[in-house]
Amino acid sequence: MKKYRAGIIGATGMVGQRFAVLLDQHPFFEVTAIAASPRSAGKTYVEALDGRWKLDLPMPEYIKNMTVRDAGDVDGMKELCDMVFCAVDLPKAEVRALEEKYAKAEIPVVSNNSACRGLDDVPMLIPEINPDHTAVIETQKKRLGTKRGFIAVKPNCSIQSYVPLITPLLKYEPYEMVVTTYQAISGAGKTFAQWPEMIDNVIPYIGGEEEKSEKEPMKIWGKVENGVVVNAKLPVITTQCIRVPVSNGHLAAIFVKFRKNPTKEQILEAWDSFEGEPQRLKLPHAPEKFITYFEEDNRPQTKIDREIYGGMGVTAGRLREDTVYDWKFIGLSHNTLRGAAGGAVLSAEYLAVKGFFD
Ligand code: NAP
């Protein structure tokens, strides 16, 4: 496999730091450029961070003395990269403009940002679920007027604790869901040191999160028609998204009604056997098992289960019949690994294997 030269835009942020670790000695990608805001540009990575390293893991050696570039210097980045990973904290319109600037400069972008998620010619990938959505890249290239430049995105972190669990049950025709998510503070790019108000506290509001949690699954479950993604209409989903005092890991409580109500054994069998292209292709960040079900009543727990398969697996538990809905259960995923940088790296691995960066 050819190694691609990769850039990280937003390398100094919470998600950018995860990219830095995940891409250390990666078999497909070598980080050759890093970029952030003009505030960080010209400094070494260590200088730019100035004590803002947020992970429990050590900072990789390769990146410490790399010079951070200005993310807006697309021409400079183009000299150094075959593709870029992007996770920047900017207003949506500016993110879209920045990502399209890279794509139009013929640099493919794999993004964590939400700015382009709603576009029907931008694939929003969970590679186990909808790798076929990469077909819309051709349509996008026509719109952008590019030969190899395009944008691919990953969905919001919150949906990754329930969309993987519902997907293998779609054959039973779920039509109505209620989901409450209990989301970690790293989802806001924060640690407890930076957000002490979250200690011993719960905040019943995460701006924009409920809309994303209800809408984005419909695109993931959509079909490619005439070169674009046409969103699914069912199941309808209503959500509440709550910030809880947890460092990493988004947990979801899910209630669901089915037109063809499955048995408990059928649900467990569907979860147990669910695998996708990443597993078949043995991609470097593919979890060996996508969904792991725990029989214990007190699992999954964020602290002990979020790191399963390097934070790329999804866990489930407490599957039981409900008095109002058909079934209820709990899901859990790591928000900055499966839900952010890890999901983007897995998508990029899939795109690399399929030749999208050539
Ligand atoms: P963060 O920790 O606040 O990092 C923000 C990054 O954006 C930093 O590298 C920062 O660079 C850069 N930046 C700020 N202003 C910029 C500018 N004018 N030009 C270029 N770069 C600029 O945020 P984060 O948590 O990593 O999130 C980044 C993105 O990923 C957001 O869109 C977020 O919604 C999304 N996301 C986050 C998660 C999560 O779990 N945290 C999950 C999914 C998606 P400086 O250091 O130079 O300021």
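Every number in this text was worked out from the coordinates using simple rules, so none of it is lab data. A quick note: this is a predicted structure, and the numbers were derived from the prediction, not measured. So basically every Cβ, Gly included, is an ideal-geometry build from the backbone, and we count neighbours across all protein chains shown.
Summary table below
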item	result
Span from the segment 75-90 Cα centroid across to the segment 189-250 one, whole angstrom	26 Å
Gained length - LYS354 relative to GLN279, 0.36 nm times residue gap less alpha-carbon distance	25.5 nm
Percent of Cα-Cα distances greater than 27 Å, calculated over segment 1-160	20 percent
Relative contact order %, the chain, counting alpha carbon pairs below 8 Å whose residues are six or more apart	17 percent
Fewest-first sequence of VAL324, VAL21, VAL229 by Cβ atoms within 10 Å of each Cβ	VAL324, VAL21, VAL229
Overall Cα dimensions of segment 310-349, principal axis frame, Å, largest first	42, 15, 13
Relative exposure of ASP24, ASP82, judged by other C-beta atoms within 10 Å (fewest first)	ASP24, ASP82
Zero-based 20 Å bins, Cα pair distances in the chain, whole percents	31, 59, 10, 0
Of VAL163, ALA135, PHE150, farthest towards positive along the dipole that unit charges on Lys, Arg, Asp, Glu beta carbons give segment 120-182	PHE150
Amide H partners (placed H, <5 Å) of PHE29, local residues excluded	TYR4
Partners for LYS260 among aspartates and glutamates (Cα-Cα distance below 19 Å; same-chain residues under 8 apart left out)	GLU173, GLU176, GLU269, GLU321, ASP322, ASP326
Range in the chain, longest, excluding exposed GluC sites (Glu not before Pro) [loop by DSSP; at most 10 other beta-carbon atoms within 10 Å]	1-294
20 °C / 1.002 mPa s Stokes-Einstein diffusion coefficient of segment 159-334, Kirkwood radius on C-alpha pairs, µm²/s	126 µm²/s
Length-normalised contact order of segment 196-331 in % [C-alpha pairs under 8 Å, at least 6 apart]	23 percent
Net charge of Cβ neighbours under 10 Å - reference GLU288; Lys, Arg +1; Asp, Glu -1	+1
Segment 122-178: trypsin sites (Lys or Arg not before Pro) in DSSP loop, at most 16 other beta carbons within 10 Å	LYS147, ARG148
Pairs beyond 30 Å (Cα-Cα), from LYS3/LYS215; LYS142/LYS354; LYS43/LYS141	LYS3/LYS215; LYS43/LYS141
Translational diffusion coefficient (Stokes-Einstein; Kirkwood radius from C-alpha pairs) of segment 138-206 at 37 °C, 0.692 mPa s, in µm²/s	203 µm²/s
Neighbour net charge for ARG299 - beta-carbon separation under 10 angstrom, K R +1, D E -1	-3
Euclidean distance of C-alpha centroids, segment 1-45 and segment 279-358, integer Å	24 Å
Taking segment 19-164 and dividing mean pair separation by its residue count, relative contact order in percent (alpha carbons under 8 Å, at least six apart)	20 percent
Ascending count of other beta-carbon atoms within 10 Å, so fewest first, for HIS26, HIS133, HIS285	HIS26, HIS133, HIS285
